[in-house]
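Okay, so here's the structure we're looking at.
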Amino acid sequence: MSRPAVSQHLRVLKEAGLVIDRRAGNRSIYRVDTDGLAKLRADLDRFWSGALTAYKAAVEQPEEEVP
């Protein structure tokens, strides 16, 4: 992977709040932002909880009720 591609990916992750960077001379050191990752996890948990609940209801619906 090229250096510009890595930089672009890191920039997107930073804008999304998933990584934090700090300058060290002429380099940027990146690390995971645990708060951002926790927010992402909470969003995914909410999404999948609703999606799986709807899927379960659809699967458990008696066949004659399925349109």
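What is the residue count in the stretch 17-36 for residues that are of a type in the set (S, T, Y) and modelled with pLDDT of 95 or more? If you could, list the steps in order and put the result at the bottom.
Start the filter on the stretch 17-36 by keeping residues that are of a type in the set (S, T, Y), which leaves 28, 30, 34.
Narrowing further to those that are modelled with pLDDT of 95 or more: 30, 34.
Of the residues in the stretch 17-36, 2 are of a type in the set (S, T, Y) and modelled with pLDDT of 95 or more.
Of everything in the stretch 26-67, what is among the hydrophobic types (A, V, I, L, M, F, W, C) and within 21 Å of R11 (Cα to Cα)? Give them in sequence order. Explain how you work it out, then say what you get.
Initial filter on the stretch 26-67 (among the hydrophobic types (A, V, I, L, M, F, W, C)): 29, 32, 37-38, 40, 42, 44, 47-48, 51-52, 54, 57-59, 66.
Listed by number, the residues that qualify are I29, V32, L37, A38, L40.
Considering A16, A57, which residue is more than 22 Å from the chain's Cα centre (by Cα) and small (G, A, S)?
Details: A16 fails: more than 22 Å from the chain's Cα centre (by Cα).
Of A16, A57, the one residue that is more than 22 Å from the chain's Cα centre (by Cα) and small (G, A, S) is A57.
Failed condition for R23, given (1) out of contact with any strand residue (DSSP E or B) (no Cβ under 7 Å at 6 or more places or on another chain); (2) surrounded by 11 or more Cβ atoms within 10 Å (Cβ to Cβ); (3) assigned to a strand (DSSP E or B), with all others met?
(2) is the only condition that R23 fails.
Going by the conditions given, is G36 out of contact with any strand residue (DSSP E or B) (no Cβ under 9 Å at 6 or more places or on another chain), in a helix (DSSP H, G or I) and surrounded by 10 or more Cβ atoms within 10 Å (Cβ to Cβ)? I'd like the intermediate steps shown before the answer.
Details: out of contact with any strand residue (DSSP E or B) (no Cβ under 9 Å at 6 or more places or on another chain): no; in a helix (DSSP H, G or I): yes; surrounded by 10 or more Cβ atoms within 10 Å (Cβ to Cβ): yes.
Taking the combined requirement at face value, the residue does not satisfy it.
Quick check on G17: is it part of a loop (DSSP other than H, G, I, E, B) and either within 28 Å of P4 (Cα to Cα) or of a type in the set (D, E, K, R) (or both)?
Values: part of a loop (DSSP other than H, G, I, E, B): yes; either within 28 Å of P4 (Cα to Cα) or of a type in the set (D, E, K, R) (or both): yes.
Judged against the criteria, G17 is a match.
The values are calculated or read from the model by the stated rules, or taken from the named source; none is laboratory data. These numbers come from a predicted model, not from an experiment. Cβ coordinates were reconstructed from backbone atoms using ideal geometry, including for glycine residues, and neighbour counts include every protein chain displayed.
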